[in-house]
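> Here it is: the structure, laid out below.
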Amino acid sequence: MSGYPSIIQGGMGVAISNWRLAHAVASEGQLGVVSGTGIDAVLTRRLQDGDHDGSVRRALAAFPLPKIAQEILEKYFVPGGIPAGQPYKSRPIMTMKPPKSLLDLIVVGNFVEVFLAKEGHNGVVGLNLLEKIQMPTIPSLLGAMMAGVDYVIMGAGIPKAIPGILERLSQGLTASLDVNVGPAPKDVEAQSPTISLDPAIFGITQLKRPKFLAVIASASLATLLAKKCNPPVDGFVIEGPTAGGHNAPPRGELRLNEAGEPIYGERDEVDLAALRALGLPFWLAGSYADRLKDALAEGAQGVQVGTAFAFCRDSGMDESLRRSVVSASQAGTLEILTDPKASPTGFPFKVVQLAETVSNQAVYEARHRICDLGYLRSTFYQEDGTIGYRCAAEPVDHYEQKGGCSAETEGKMCICNGLMASAGFASSRKGGDVEPSLVTAGDDVKNLARYIPDGETSYTAKDVISRILAS
Ligand SMILES: Cc1cc2nc3c(=O)[nH]c(=O)nc-3n(C[C@H](O)[C@H](O)[C@H](O)COP(=O)(O)O)c2cc1C
C-alpha cells in the first residue's frame, strides 16, 4: 500500500463537489475533494435558504472563533428560508483590500465545507481551488486548514507560490501572494500587487500542512513546479482535454474544428516518461473512470474523476438538472461543446448543451449582463497606478469604460452566476428574472448509464467508486 488513494474525486466548483459528495467518497476510503471556489457566497445562500438540516449551523458552532460565526449567523441565517423569488442578500466582492467581514466569510466558508466533509470518519479530504482566482486563495486555504484539510489541489494556472503559502500558514506566519496584475504604468507610484494575510488575526499559531497536488497538462509545467517550489509539490494530477470544467488550451496556434472547438494534437499529450522521472506520485484525469488499470500500468497512483461524480445523487448539482442530464445521457442525445470563448479566464470551457441553460442562444441573449459575484474578475493597473477589476462577461459598456476591448466580451458567459445556479443557488433579480444555469461536464457525461443500477434511475458516489475500482 502506497498510502495514497486510488481514486481522487475531482474538485468541482461551484459547490458541485460539496461536502456531502466529498464525505461520501472519503467514507469509502478514497479522496473526497470539496470545492472552495465561491464558497463564501454559497455559505451565505445556504443560511438564507434556512439551513434546513442544521449542518451549516453545526459546523459554525465548531468554528474556533465563536464571535465570527455568530456575526455570520446573525447577518445571513433566515429561519425557514427566504421566500421563493426574493433576491439573496449580497455580500462584498473580493478586492486587493477586502473588508474583514469578507475575509471572515471566506475563511468560515472553507472551514464549514471541510469540517462537514471530514465529520464522523477517518478518511481523507481535499480542497480544490483555481489558481486563476487569486485574491481569495490565502483565506480559503487558511479556513480549510483550520478544519484539518488533508490535501490541496489546484490547477488552471501555475500554482508555484502555494506550497510556500501552506508552509507559512502552518507555522502561523503571514503568507503573501503576488497577484497577476500585468504591467504597471510608468511615472506613477503603482499599488502593490501583493496580497497578504496574517493567520494570527484568526488566532492561529500552528496548523497541519496539507499535501499539495498541482493539476497540470504538460510535463514541462510539472518539471517547473517540481524544481522551483519551496517546499516541493507533493504530486500531480495530469488532466487531459476531455475532462470537465476548464481545459488547458492546446499548444501552439489555436485551431478550431467545425463545431468551433479547439483542436488538440500530439503535442498536447503529456510525456509520462518525463513525469515518472520526477519521482513524485501522480494521478491521471480526463475520461479515466474506466481506466484505473491503465493508469496504474503507466505508473500513476490512480485516477482523478469528476464527471461521473458530478451527476450522482450525492453531488451538489441541482436535482432537476442532474436528472435531465442523466436521462439525456441514457438516451444518447446529450451534446457537449468545448467552448474557447465562454470563460472569462480565457481557458476553453466544457459546456453541456441544454435547452434550459445559458448554452441555449435564446437564453444567453435574454440574460441581462451583471457582475455581482466577481470571482473571475481580472486585475489590471489603471492610469493612476491603482489596481482595477474587470470581467469580460460583465456589461459591455462597463468593460469598455475600464479599458477592456468589446471584442473580448463576445460569447462570454457569466460562469459565476451560471454555476451558482446549477448548484441550486440561482440569483433572483428584482424584476423577477432568475439567473439561468450553466452546466459543465467532461466527454464522459455521455456514458452515465453504466453507473445506474438495474431497476433504478439514478446512482450514488458509491456506485461510481465500485465501478472505477473494478475497471
Ligand atoms: C462539473 C465539473 C466542475 C469542475 N470544476 C472544477 C474546478 O472547479 N476546479 C478544478 O480544478 N477542476 C474542475 N473540474 C475538473 C475535475 O476536477 C476533474 O479533474 C475532471 O472532471 C476529470 O475528468 P472527467 O471529467 O473526465 O472525469 C470540474 C469537472 C466537472 C465535471
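The values are calculated or read from the model by the stated rules, or taken from the named source; none is laboratory data. Since this is a predicted model, take the numbers as computed values, not measurements. Ideal geometry is used to build each Cβ from the backbone, glycine not excepted, and the neighbour counts take in all protein chains shown. Note: accessible area is taken over every heavy atom of the protein model, side chains too, but ligands, DNA and RNA are not part of it. Shrake-Rupley method; radii C 1.70, N 1.55, O 1.52, S 1.80 Å.
> Restricting to bridges with both residues inside the chain, how much of the DSSP beta-bridge set is antiparallel, in percent to the nearest 5? Show your work: numbers first, answer last.
On the way: 16 of 46 bridges.
So the antiparallel bridges amount to about 35 percent of the total.
> Just the number, please: Stokes-Einstein D of region 1-133 in µm²/s, Kirkwood Rh from C-alpha pairs, 25 °C, 0.890 mPa s.
Working: Rh = 15.5 Å.
Rounded, D is 158 µm²/s.
> Kindly report the accessible area of region 37-159 per residue (heavy atoms of protein chains, probe 1.4 Å, no ligands, DNA or RNA), in Å². Present the calculation step by step, with values, prior to reporting the outcome.
Values: 4220 Å² over 123 residues.
Here the residues of region 37-159 average 34 Å² of exposed surface.
> A follow-up question, please. With every protein chain left in place, what is the accessible area of Val305 in Å² (1.4 Å probe, nearest 10)?
10 Å²
> Using a 7 Å offset from the Cα along the Cα-to-Cβ direction at both His121 and Asp53, what is the distance between the two label points in nm, to one decimal?
1.3 nm
> Another one. Note down the accessible area of Met12, probe 1.4 Å, to the nearest 10 Å².
Roughly 30 Å² of Met12 is accessible to a 1.4 Å probe.
> Also, I was wondering about something else. Mind listing which trypsin sites (Lys or Arg not before Pro) in region 246-284 are in a DSSP loop and have 16 or fewer other Cβ atoms within 10 Å? Mind showing how you got there, number by number?
Numbers: sites: Arg251, Arg255, Arg267, Arg276; in loops: Arg251, Arg255.
Passing sites in region 246-284 are Arg251, Arg255.
> Inverting the mean 1/r over all pairs of different Cα atoms, compute the Kirkwood radius of region 60-153 and quote it in Å. Display every interim value, and only then the final one.
Working: mean 1/r = 0.0686 Å⁻¹.
Value: 14.6 Å, from the Cα pair sum.
> Quick one: 3J(HN,Hα) in Hz for region 220-233, Karplus 6.51/-1.76/1.60 with θ = phi - 60°, rounded, Gly and Pro as x.
5, 5, 4, 5, 4, 5, 5, 8, 9, 7, 9, x, x, 5
> Give me D for region 244-366 in µm² s⁻¹, whole number, from Stokes-Einstein with Rh from the Kirkwood sum over alpha-carbon pairs, 4 °C and 1.567 mPa s. If you can, show how the numbers build up before the last one.
Numbers: Rh = 16.8 Å.
It comes out at roughly 77 µm²/s.
> Next question. What do you get for GluC sites (Glu not before Pro) in region 404-471 restricted to DSSP loop and a cutoff of at most 16 other Cβ within 10 Å of the site's Cβ? Walk me through the intermediate numbers first.
On the way: sites: Glu408, Glu410, Glu456; in loops: Glu410, Glu456.
Those that pass, being in a loop and sparsely packed, are Glu410, Glu456.
> Would you please classify the overall shape of the chain from the alpha carbon gyration tensor, given that a ≥ b ≥ c denote the square roots of the eigenvalues, rounded means a/c under 1.5, and beyond that prolate means a/b larger than b/c while oblate covers the rest?
rounded
> For the chain, what % of the accessible area comes from carbon and sulfur atoms, probe 1.4 Å?
Details: 9730 of 19440 Å².
Reported share for carbon and sulfur atoms: 50 percent.
> Turning to a different aspect of this structure: Normalised by the empirical 2.2 N^0.38 Å for globular proteins, what value does the Cα Rg of region 301-404 take? Before the final figure, lay out each step's value.
Working: Rg = 17.7 Å, N = 104, 2.2 N^0.38 = 12.8 Å.
The reported ratio for this selection is 1.38.
> Quick one: Kirkwood hydrodynamic radius for region 32-102, alpha-carbon pairs, angstrom, one decimal? Working shown, then result.
On the way: mean 1/r = 0.0757 Å⁻¹.
Every distinct Cα pair counted, the radius reaches 13.2 Å.
> What shape does region 186-247 take by its C-alpha gyration tensor, where a ≥ b ≥ c are the square roots of the eigenvalues and a/c under 1.5 counts as rounded, a/b above b/c as prolate, and the rest as oblate? Please report the intermediate quantities before stating the final value.
Numbers: a/c = 2.07, a/b = 1.31, b/c = 1.58.
Oblate shape, in that a/c is at least 1.5 and b/c is the bigger or equal ratio.
> Next question, about the same structure. Compute from the Cα atoms of region 343-428 the Rg and the Dmax, the latter being the longest Cα-Cα distance, and quote both in angstrom.
Reported Rg and Dmax, both Å: 13.6, 45.
> Quick one: work out Rg over Rh on the C-alpha atoms of region 116-237, Rh as Kirkwood radius. Before the final figure, lay out each step's value.
Details: Rg = 15.4 Å, Rh = 15.3 Å.
Computed over Cα atoms, the ratio is 1.00.
> Between Val33 and residues 5 or more places away or on another chain, which pairs have amide H atoms under 5 Å apart, with H built 1.01 Å from N, and which residues are they?
Gln9, Gly126
> Another one. State to the nearest 20 debye the size of the charge dipole of region 24-166 about its Cα centre, where the only charges are +1 on K and R beta carbons and -1 on D and E beta carbons.
In debye, rounded to 20, region 24-166 gives about 440.
> So with the 1.4 Å probe, I'd like the accessible area per residue for region 266-329, rounded to whole Å².
On the way: 2690 Å² over 64 residues.
Accessible area per residue: 42 Å².
> A further question on this structure: Please give, to one decimal in nm, the separation of the simple spin-label points placed at Glu269 and Thr333, each 7 Å out from Cα toward the Cβ.
3.7 nm
> Please give me, ordered by residue number, the GluC sites (Glu not before Pro) of region 218-261 that lie in loop per DSSP and have at most 11 other Cβ atoms within 10 Å. Please report the intermediate quantities before stating the final value.
On the way: sites: Glu239, Glu253, Glu258; in loops: Glu253, Glu258.
Counting only loop positions with at most 11 other Cβ atoms within 10 Å, the GluC sites (Glu not before Pro) in region 218-261 are Glu253, Glu258.
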